[in-house]
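Read through the structure below, which is laid out as structure tokens, and then see the notes.
The values are calculated or read from the model by the stated rules, or taken from the named source; none is laboratory data. All values derive from a computational prediction rather than experimental measurement. Please note: Cβ atoms are built from the backbone with ideal geometry, for glycine as well, and neighbour counts cover all protein chains shown. For accessibility, only protein heavy atoms count, side chains too; no ligands or nucleic acids. Shrake-Rupley method; radii C 1.70, N 1.55, O 1.52, S 1.80 Å.
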Amino acid sequence: MEEYFLIIIRTLFLYFLIIFIFRIMGKREIGELSILDLVVFIMIAEMAVMAIEQPKDPIIHTLLPMGVIVLIQIVFAWVSLRSKPFRELLDGKPSVIIHNGKIDDKMMKKQRYNYDDLLLQLREKDIFNLADVEFAILEPSGKLSVLKKDDGEEGSQSMTLPLILDGEVQTTHLDMIGKTVFWLRKEMRDRGFKNIQEISFCSFQNGQFYIDEKNH
């Protein structure tokens, strides 16, 4: 009877502990979890199960590795916010699958992404003809972002494309809207931004810029 009571107490304790851990690790939808997030969640869940199944084992044997994993995750998240290369190393980066209406076969092979996957995700977006797609971007989460040809004209762009991230020009996105780095730098100078590295985020949508400077 005492063992059953101990199992119940441990279960409740670990239940609320895991909820607390996931809250401090940040909010993300399940479909947006990175590989690192999934690994962390699975490891924590496995540790909790083992602690419940072995009530005689000291609880510290579970809390200590949990704490180490959470600490590593928080440190990685902090570094990711300040380093784009590190963030891309952990989470990956978007891959352009269709560019100017042309499918990039090499990129699809690199991402191990086949035509069945592409057609399935297009159908989920009510697109049944590849000829209707101007751009398709495979996000790190595995979701497919699509810009249809009808929406590709300047002034009616339906998808926000960051042109500057953490002070770095996103040349791929510039190509997608038919612009150059020279055009971007001129537009920034006209708006009083002489140094692109001082810009945290810049996007261009429906003929309008959204610019956010880095905090100092």
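Considering only Pro58, Pro85, Pro94, give the residue with the highest GNM mean-square fluctuation for the chain, with springs between Cα atoms whenever their separation is below 10 Å. Ranking Pro58, Pro85, Pro94 by mean-square fluctuation puts Pro58 first.
Springs between Cα atoms under 10 Å define the GNM used for the chain, and in it the highest mean-square fluctuation of Ser95, Ser83, Ser141 occurs at Ser83. Over the chain, Cα pairs under 8 Å with separation of 6+ residues give a relative contact order of 14 percent.
Projecting label points 7 angstrom from Cα along Cα→Cβ for Glu3 and Asn206 puts them 6.5 nm apart. For Ile196, neighbours were defined as the other residues whose beta-carbon sits under 10 Å from its Cβ, and their charges (Lys and Arg +1, Asp and Glu -1) total +1. The mean accessible area for residues of the range 36-168, using a 1.4 Å probe and ignoring ligands and nucleic acids, is 61 Å² per residue. Sites listed here are chymotrypsin sites (Phe, Trp or Tyr not before Pro) in the range 63-134 whose DSSP assignment is loop and whose Cβ has at most 10 other Cβ atoms within 10 Å: Phe128. Note on the chain: with charges restricted to the Cβ of Lys and Arg (+1) and Asp and Glu (-1), its dipole about the Cα centre is near 620 debye.
Counting only alpha carbon atoms, the long axis of helix 60-82 and the longest principal axis of the chain meet at about 10°. In the chain, the C-alpha radius of gyration followed by the widest Cα-Cα span (Dmax) gives 22.9, 76 angstrom.
Legend: calculated FRET efficiency, Lys110 to Leu38, from the Cβ-Cβ distance at R0 = 25 Å, rounded to 0.05, equals 0.75. Assuming R0 = 35 Å, what is the FRET efficiency of Glu187 and Ala77, from their Cβ-Cβ distance, to the nearest 0.05? Step by step, r from the Cβ atoms, then E = 0.60. Here the accessible area of the chain is 58 percent carbon and sulfur, with a 1.4 angstrom probe and all protein chains present. To the nearest 10, the accessible area of Lys149 is 90 Å² with a 1.4 Å probe.
If the range 43-152 were replaced by its equivalent ellipsoid, with semi-axes equal to the square roots of 5 times the Cα gyration tensor eigenvalues, what would those be, largest first, whole Å? Before the final figure, lay out each step's value.
Numbers: eigenvalues 351, 64, 24 Å².
Semi-axes from the Cα gyration tensor: 42, 18, 11 Å.
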